[in-house]
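Notes follow once the structure below has been shown.
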Amino acid sequence: MSAVDVAAATIPIGPTRRTRISSRFLRSELRIIFGRRRNQAGLAVLAVVPIIIAIAVRATVRRRGGGPDFFAAITGNGLFVALAALTIELTLFLPLAVAAIAGDAIAGEANLGTLRYLLTIPVGRTRLLAVKFLAITIFSFLATLLVTIVGAVMGLLLFGGGNMTLLSGSQISLSAGIARLLLTTVYLAAGFAALGAVGLFVSTLTEQPIAAMIAVVILNVAMFILDSLPQLDWLHPWLLTHWWTSFGDLFRDPIAWSGPVRGLLTAAGYALVFWLAAWARLGSKDITS
Amino acid sequence: MTDAAVATFSLTKRFKRQTAVDSIDLVVPRGSVYGFLGPNGSGKTTTIRMLLGLVQPTSGRSELLGNPIPARARQTLPLVGALVEGPAFHPYLSGRANLERLDAADRDVDPRTAHMRIHAALDRVGLLAAAGKRYRAYSLGMRQRLAIAASLLSPRELLILDEPTNGLDPQGTREVRHLITSLAGDGATVLVSSHLLAEVEQMCTHLGVMHVGKLVAQGTIEAVRSTTRRVAGVETDRPQDAARVLTGLGLTDVKVEGHRAFATLGAVPVEKIVPALVHDGVPVLGFTVQAPSLEDMFVSLTGEGFDVSG
């Protein structure tokens, strides 16, 4: 190849190299995640839970014309449907959804063989892990937000939206209630994203995405079990899942920040440690898939 | 730094129990079409994976386009198109969507030209008509074509193609051969691994032969061929006398079959044989020098070679 040809071949490469940060790969990643039927079905399941809660409570209230405090709270303000749905889904459904995405992140590409082609483009291994984790985080937020929005809309439709009665008994306006609900969504999503970082690491250990997903779900359940054993109370603050239920503190008056802040720090710690572990693992790995 | 498109220096890879690649010194000159031959399991693919930075060598080093790999992979790989161990794509995406995905991951290309480049790559491998079909519905041949298209998404100086005609029908095989020849004509260097000897013979200028992890021969096709034995044959009505003359000249493995005498040429100059025969009064009715076919050569270098290497 002559010098002229070499120059011609490199012209489209020169000006763009390292001059901009493009979101193109991330957008492609999100298209793959949200375009996949399996994931769409999973999101549909997540969205069905608040609908069932809302309809079931509505039907019960009609028949009995009253009920326990929990139901009374819902009937007083529809936003509680979203909170009830998040509470129910945070133990298994939401972690499962995130585990499916995170487990697939590297193991799925290795299993298909597409990992070797991404790396020879070249996509640097660090960049690959950064984009994958960003996509997992975005999925976590959108999945949690989906439950919140469906719950809030169903609740407001079926029960209306007056003032919100807090756990401490005082009342806040509907808009203040919505703000705290969104804060809860962000808080829980951060926890799920941290679980996603664990999944990303596990995903670098295997070429079987299902195995990675199952491992993450088992870890999640194991943390809940350990958290329920009072003999291990010294361990509880170090468990990622221990802090998830602290979102209740966001509905006190005034907001009791210490629990949620500790929860966010724990999530950030898990995310950092496991992302670095994934980086150390993938960085030195021979890609033979 | 060397001027070769691909150069390795005592490149070695040991997996737990076996040495997959054993201290090889590959040299692929710029502008060549280099046929990388070897039986299954001889270490071709592991070598290619090391060249592309997918696998870390146990010892030794390699250079692509004069740049050390993996140290300068980031700068070098954009100029290298690769097909490694068969096609691999997302099954539920169309062929075109799969190429868009790969292009999106490439930071060195202009997104504004993506559509045009993808179209051109699909066109070049004859896959435009099936571009919208899901990958899972593709035949093996179509998958192989898509993988070749993926390696052509941007201008390349070097193409590393591992078994590019695997699974293609004869028509497709011919098209790929023409494609490789035309890419080489555009100035690209092509390293193509294969176990199909006829194919390599038709399109390659250079050859490297792997056998149980070792590079047992390398050079231009002619040079590699001449390292193996050539056979001189004399057709005559006095074959016994001819055989005696051949032996006297220093040829080895002298045999007589009917009206012919054969012997391995070795270092004896071809042009001396016929005069010597005539001088001794042996009537020469015909004289041939047979270079072995590439297949004979391959077998002589690698053993029978049907069984996979260790």
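The values are calculated or read from the model by the stated rules, or taken from the named source; none is laboratory data. Since the model is a prediction, treat every value here as computed from it, not as a measurement. Glycine also receives a Cβ, built like all others from the backbone with ideal geometry; neighbour counts cover every protein chain displayed.
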Which number in (1) part of a strand (DSSP E or B); (2) of a type in the set (Val, Ile, Thr); (3) free of Cβ contacts under 8 Å to residues at least 40 places away in the same chain; (4) closer than 30 Å to residue B:31 by Cβ marks the one condition that residue B:254 misses? (4)
Residues that are at pLDDT below 95, surrounded by 20 or more Cβ atoms within 10 Å (Cβ to Cβ), of a type outside the set (S, T, N, Q) and assigned to a helix (DSSP H, G or I): does region A:187-197 have at least one? no
What number of residues in region A:88-105 are of a type in the set (Val, Ile, Thr), in a helix (DSSP H, G or I) and out of contact with any Gly (no Cβ under 9 Å at 6 or more places or on another chain)? 1
Suppose the filter is of a type in the set (A, V, I, L, M, F, W, C), at pLDDT below 95 and surrounded by fewer than 22 Cβ atoms within 10 Å (Cβ to Cβ); does residue A:255 pass it? yes
Reported set for region B:217-268 where residues are within 27 Å of the chain's Cα centre (by Cα), over 16 Å from residue B:300 (Cβ atoms) and surrounded by 14 or more Cβ atoms within 10 Å (Cβ to Cβ) is B:220
Answer yes or no: is there a residue in region A:5-27 that is more than 10 Å from every other protein chain (Cβ to nearest Cβ) and modelled with pLDDT of 80 or more. no
Test result for residue A:206, buried (at least 17 other Cβ atoms within 10 Å of the Cβ), polar (S, T, N, Q) and in contact with a helix residue (DSSP H, G or I) (Cβ under 8 Å, 6 or more places away or on another chain): no
Return yes or no: is residue A:206 among the polar types (S, T, N, Q), in a helix (DSSP H, G or I) and touching a residue at least 40 places away in the same chain (Cβ under 8 Å)? no
When the residues of region B:77-109 are narrowed to those that are among the small types (Gly, Ala, Ser) and more than 7 Å from every other protein chain (Cβ to nearest Cβ), which ends up surrounded by the most Cβ atoms within 10 Å (Cβ to Cβ)? B:95
Matching residues, region A:178-191, being of a type outside the set (Phe, Trp, Tyr) and within 20 Å of residue A:89 (Cα to Cα): A:178, A:180, A:181, A:182, A:183, A:184, A:185, A:186, A:188, A:189, A:190, A:191
Neighbours by Cβ (under 7 Å, 6+ apart or cross-chain): first from region A:269-289, hydroxyl-bearing (Ser, Thr, Tyr); second in a loop (DSSP other than H, G, I, E, B): A:288/B:55; A:289/A:113; A:289/A:207
Unique match (being in contact with a Phe, Trp or Tyr (Cβ under 9 Å, 6 or more places away or on another chain), hydrophobic (A, V, I, L, M, F, W, C) and touching a residue at least 40 places away in the same chain (Cβ under 8 Å)) among A:186, A:216, A:221: A:186
Tell me, which residue of region A:121-155 that is out of contact with any Ser or Thr (no Cβ under 8 Å at 6 or more places or on another chain) and aromatic (Phe, Trp, Tyr) is surrounded by the fewest Cβ atoms within 10 Å (Cβ to Cβ)? A:133
Kindly provide the set of residues from region B:270-297 that are part of a helix (DSSP H, G or I) and surrounded by 11 or more Cβ atoms within 10 Å (Cβ to Cβ), ordered by number. B:270, B:272, B:273, B:274, B:276, B:277, B:278, B:294, B:295, B:296, B:297
Answer from A:279, A:243, A:238 - the residue that is crowded, with 16+ Cβ neighbours inside 10 Å, over 30 Å from residue A:176 (Cα atoms) and among the aromatic types (Phe, Trp, Tyr): A:279
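Listed here are the residues, each with its yes/no results for (1) out of contact with any Phe, Trp or Tyr (no Cβ under 9 Å at 6 or more places or on another chain); (2) aliphatic (A, V, I, L, M).
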site: B:55; (1), (2): yes, yes
site: B:59; (1), (2): yes, no
site: B:68; (1), (2): yes, no
site: B:79; (1), (2): yes, yes
site: B:90; (1), (2): no, no
site: B:116; (1), (2): yes, yes
Taking the condition of being out of contact with any Leu (no Cβ under 9 Å at 6 or more places or on another chain) and either of a type in the set (A, V, I, L, M, F, W, C) or in a helix (DSSP H, G or I) (or both), how many residues in region A:170-185 meet it? 3
Six or more apart or on different chains, Cβ under 7 Å: which pairs go from a residue in region B:77-102 that's without any contact (Cβ under 8 Å) to a residue 60 or more places away in the chain and in a loop (DSSP other than H, G, I, E, B) to one that's small (Gly, Ala, Ser) and surrounded by fewer than 21 Cβ atoms within 10 Å (Cβ to Cβ)? Could you list them? B:88/A:113
Checking the conditions here, which among B:112, B:74 is more than 7 Å from every other protein chain (Cβ to nearest Cβ) and basic (Lys, Arg)? B:112
Just a yes or no: is a residue in region B:218-231 farther than 30 Å from residue B:167 by Cα and part of a strand (DSSP E or B)? yes
Among residues belonging to region A:263-276 that are among the aliphatic types (A, V, I, L, M) and surrounded by fewer than 22 Cβ atoms within 10 Å (Cβ to Cβ), point out the one that is farthest from the chain's Cα centre (by Cα). A:276
Per the list (1) more than 8 Å from every other protein chain (Cβ to nearest Cβ); (2) in a helix (DSSP H, G or I), residue check on residue B:42 breaks on (2)
Going by the structure shown, is residue B:120 surrounded by fewer than 20 Cβ atoms within 10 Å (Cβ to Cβ) and either in contact with a Leu (Cβ under 6 Å, 6 or more places away or on another chain) or more than 9 Å from every other protein chain (Cβ to nearest Cβ) (or both)? yes
Selection status of residue A:200, in a helix (DSSP H, G or I) and either within 30 Å of residue B:52 (Cα to Cα) or in contact with a strand residue (DSSP E or B) (Cβ under 7 Å, 6 or more places away or on another chain) (or both): yes
